[in-house]
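**Student:** Dropping the structure in here first, questions after.
The values are calculated or read from the model by the stated rules, or taken from the named source; none is laboratory data. Please read these numbers as outputs of a predicted model, since none were measured by experiment. When we count neighbours, we look across all protein chains shown, and the Cβ atoms used for this are built from the backbone with ideal geometry, even at glycine.
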Amino acid sequence: MTEATAATARRDDIVRAAVDVFLRYGYARTTMGDIARAAGLTRPTLYLTFPDKERIFAAVVEKMIDDKLVEIRSALAHHRTLERKLRFACDAWAAEGYELVQAHPDAADMFDLGFKSVCAGYDKFGELLAEILDKPLGRSNLDLSARDAARAVVFAMRGFKDIATSGAEMRRLIEIHIKLVAGAIEPRSGR
């Protein structure tokens, strides 16, 4: 194994271990010592790979987002209509995220827009929604760009997280919103 390969493997191991630590303690309460212990490393070894907690957190958020987007993209082909594609994507992104925070309250940091990595994740999800919306919006009479429509959907999901009182309510809010969006874009075809 080359030195570069070993460093990449160590980085990946640290990020995997840090996911559970950040979910358990949140950003503020997590220490570099917590992450080092979870990864089976000494703190000096951890610092050789990541100079600070912020960079580990950013790597964790990026991994979680990338994994979720791969999961969503791989299942989209199983959903035929615009409504079903949007509903699946939004449930997987927002409702499952909401339920994660309900199970691990300190995981709310993973969705805090105060972190640049979290903002970048919302942007990536918006890009995915824009891809889903692009052709249907192009065929519609609406004067909207797919990017603008996607951004509105993304931040509606964000708002629903703030007001929902249960996972079921979160999913119901998503369902209503997506029915309205898909119905406006494809009113005749039933989405």
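**Student:** Can you tell me which residue within the range 161-191, out of those that are of a type in the set (D, E, K, R) and exposed (fewer than 14 other Cβ atoms within 10 Å of the Cβ), is farthest from D91 (Cα to Cα)?
**Tutor:** Narrowing the range 161-191 to residues of a type in the set (D, E, K, R): 161-162, 169, 171-172, 175, 179, 186, 188, 191.
Add one more test, that the residue is exposed (fewer than 14 other Cβ atoms within 10 Å of the Cβ), and what stays is 162, 188.
Values: D162: 15, R188: 24 Å.
If we take residues in the range 161-191 being of a type in the set (D, E, K, R) and exposed (fewer than 14 other Cβ atoms within 10 Å of the Cβ), then R188 is farthest from D91 (Cα to Cα).
**Student:** If you don't mind, there's one more thing I want to ask. Could you check the range 113-127 and list, in sequence order, the residues that are of a type in the set (F, W, Y) and either modelled with pLDDT of 95 or more or assigned to a helix (DSSP H, G or I) (or both)?
**Tutor:** Within the range 113-127, the first condition is being of a type in the set (F, W, Y), and the residues that meet it are 115, 122, 125.
Across the range 113-127, the qualifying residues are Y122, F125.
**Student:** Continuing with the same structure: Among the numbered criteria (1) modelled with pLDDT under 95; (2) more than 12 Å from the chain's Cα centre (by Cα); (3) not in a loop (DSSP other than H, G, I, E, B), which one does M110 miss?
**Tutor:** (2)
**Student:** If you don't mind, another one. Being under 21 Å from I65 (Cα atoms), modelled with pLDDT under 95 and over 21 Å from the mean Cα position of the chain (by Cα) narrows it down to one residue among R10, R29; which is it? Give the derivation first.
**Tutor:** Values: R29 fails: under 21 Å from I65 (Cα atoms).
Answer to the selection: R10.
**Student:** Is there a residue in the range 59-79 that is under 18 Å from the mean Cα position of the chain (by Cα), over 27 Å from I178 (Cβ atoms) and of a type in the set (A, V, I, L, M, F, W, C)?
**Tutor:** Checking the range 59-79: at least one residue is under 18 Å from the mean Cα position of the chain (by Cα), over 27 Å from I178 (Cβ atoms) and of a type in the set (A, V, I, L, M, F, W, C).
**Student:** Does the range 128-143 hold any residues that are in a helix (DSSP H, G or I) and not aliphatic (A, V, I, L, M), and which are they?
**Tutor:** We begin by selecting, within the range 128-143, every residue in a helix (DSSP H, G or I); these are 128-139.
Listed by number, the residues that qualify are E131, D134, K135, P136, G138, R139.
**Student:** If you don't mind, another one. Take the conditions basic (K, R), modelled with pLDDT of 95 or more and either out of contact with any His (no Cβ under 8 Å at 6 or more places or on another chain) or surrounded by fewer than 16 Cβ atoms within 10 Å (Cβ to Cβ) (or both) and apply them to R158. Does it pass?
**Tutor:** Values: basic (K, R): yes; modelled with pLDDT of 95 or more: no; either out of contact with any His (no Cβ under 8 Å at 6 or more places or on another chain) or surrounded by fewer than 16 Cβ atoms within 10 Å (Cβ to Cβ) (or both): yes.
Criteria not met by R158.
Yes/no per residue for (1) hydroxyl-bearing (S, T, Y); (2) in contact with a Ser or Thr (Cβ under 8 Å, 6 or more places away or on another chain); (3) closer than 24 Å to R24 by Cβ:
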| site | (1), (2), (3) |
| --- | --- |
| R84 | no, no, no |
| A92 | no, no, yes |
| D112 | no, no, yes |
| A149 | no, no, no |
| V154 | no, no, no |
| R158 | no, no, yes |
| S166 | yes, no, yes |
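**Student:** Moving to a separate point now. Return the residue satisfying two criteria in turn: it lies in the range 60-89 and is in a helix (DSSP H, G or I) and in contact with a Lys or Arg (Cβ under 7 Å, 6 or more places away or on another chain), and of such residues it is surrounded by the most Cβ atoms within 10 Å (Cβ to Cβ). Outline the logic, then answer.
**Tutor:** So in the range 60-89, the residues in a helix (DSSP H, G or I) come out as 60-76, 82-89.
With in contact with a Lys or Arg (Cβ under 7 Å, 6 or more places away or on another chain) added as a condition, the list becomes 65, 69, 76, 82-83.
Details: I65: 20, L69: 18, L76: 16, L82: 23, E83: 21.
Among those residues, the one meeting the criterion is L82.
**Student:** Something else about it: Answer yes or no: is there a residue in the range 12-30 that is on the phi > 0 side of the Ramachandran plot and not in a helix (DSSP H, G or I).
**Tutor:** Applying the first criterion (on the phi > 0 side of the Ramachandran plot) to the range 12-30 yields 26.
Right, trim to not in a helix (DSSP H, G or I) and you get none.
No, that holds for no residue.
**Student:** Of everything in the range 1-47, what is touching an Asp or Glu at 6+ places or on another chain (Cβ under 7 Å) and free of Cβ contacts under 8 Å to residues at least 24 places away in the same chain? Give them in sequence order.
**Tutor:** V21, A38
**Student:** So, one more: Restricting the range 13-45 to residues that are among the acidic types (D, E) and closer than 23 Å to F111 by Cβ, which is surrounded by the most Cβ atoms within 10 Å (Cβ to Cβ)? Before you say what the answer is, go through the steps one by one.
**Tutor:** Within the range 13-45, the subset among the acidic types (D, E) is 13, 20, 34.
Checking the rest, the ones that are also closer than 23 Å to F111 by Cβ come to 20, 34.
Numbers: D20: 14, D34: 18.
Checking each candidate, the answer is D34.
**Student:** Also: Report every pair of residues separated by at least 6 positions or lying on different chains whose Cβ atoms are under 9 Å apart, first residue within the range 116-141 and under 25 Å from E186 (Cα atoms), second among the basic types (K, R) and assigned to a loop (DSSP other than H, G, I, E, B).
**Tutor:** Cβ pairs passing all conditions: P136/R191.
**Student:** Can I ask one more? Within the range 40-49, is there a residue that is aromatic (F, W, Y), over 26 Å from L129 (Cβ atoms) and not in a helix (DSSP H, G or I)? Can you show your working first?
**Tutor:** Narrowing the range 40-49 to residues aromatic (F, W, Y): 47.
Still in the running and over 26 Å from L129 (Cβ atoms): 47.
If we keep only those that are not in a helix (DSSP H, G or I) as well, we get none.
Within the range 40-49, none of the residues are aromatic (F, W, Y), over 26 Å from L129 (Cβ atoms) and not in a helix (DSSP H, G or I).
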